[in-house]
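Worksheet: the structure to be examined is printed underneath.
The values are calculated or read from the model by the stated rules, or taken from the named source; none is laboratory data. All values derive from a computational prediction rather than experimental measurement. Note that we place each Cβ from the backbone using ideal geometry, even for glycine, and neighbour counts take in every protein chain shown.
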Amino acid sequence: MRVLVLGSLPPPERPRSQALRAEVTGLLAMGHTVEVVAPDPVATAHRYLSVSGLPGCIQLLWMVSGFDSVIVQLQAGLPVRARAGRFERAVSLFVFSLVLRRGHQVVIRLQSAQDLPGGPAGSAAFRVWRRAERIVLGDEAELALFLSAVGRRAERLEVTACIASPDDEDGGGWGEGVDPSIEDVLAQVRKRAARERRALASSEVPHVSGWDQLPSPGLAMTEADAAALGPGEAPRKPADLARRALAAADRRPSLWRFARAARLARRGAYAVLRPDRSDSAAAARSSSSNSARAASEKPWASE
């Protein structure tokens, strides 16, 4: 099933974005294809609304068709601007009801009544509510506020509350005590590790060519890790520093001539200060060149 999700996933971490992330994760675990459209430009999404409020609702008119289900996480900007007046709010909700009318199996999520500017009451808002097959509130308290605001017309709606906290899957928090003990922390860590292992075991990791040739997990370091560990072993001799500086100069097109001149100057200095070493080095270079010349002339001699 292709599902269109309208709303902002983390970042930033907010109760409504965390609740929507739990919803999307569940859909993906069931094998559905999910496409996320976010009004927040910093949120994780496949596509983004260029504008919010009424222009964003008009933009959504051409997005909802072709999907088997539409899930909406209401927030400021979707469908009403945070500072919209009464008239703009009514028009935005009317256009948004037309958007939902084009969708199939519409589910509206309202984490908090404050996420919809102006609240859930009013005829314009009820036009949106009745387009949904199901309306999900953040908790029982928000459900009570919603039913109280909508009034008797709420009897015609399918309204439920999301009892479980979206990211609190550890069951029991830190334990019965007020302050967490070491045992509570360890138990929490074990539960999270077990949940992550189950998720990794159930996920299908694609095979990447050359994956087996990569370093073992935990051996690679980033620049931040190297900075935290401190500088590496410093060169022990000034000659090592000079070699590294010349090697770095060779890699720059504008400096390789200076590196070559420095090497020639160093060889001249060695010839004056260390004649024995320079003679032996020259002899080694001469013998290697003679060997190479003899190897190149050998085929012709055989003929």
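Do we have Phe87 as within 16 Å of Pro55 (Cα to Cα) and out of contact with any Cys (no Cβ under 7 Å at 6 or more places or on another chain) here?
Criteria met by Phe87.
When residues of segment 74-116 are filtered for being more than 29 Å from the chain's Cα centre (by Cα), assigned to a loop (DSSP other than H, G, I, E, B) and in contact (Cβ under 8 Å) with a residue 40 or more places away in the chain, how many remain?
1
Return yes or no: is Ala84 at pLDDT below 95, surrounded by 15 or more Cβ atoms within 10 Å (Cβ to Cβ) and farther than 23 Å from Glu23 by Cβ?
Criteria met by Ala84.
Which of the following residues is in contact with a Pro (Cβ under 6 Å, 6 or more places away or on another chain), surrounded by 14 or more Cβ atoms within 10 Å (Cβ to Cβ), of a type outside the set (Ser, Thr, Tyr) and within 21 Å of Arg2 (Cα to Cα): Ala45, Ala22, Ala38?
Ala22
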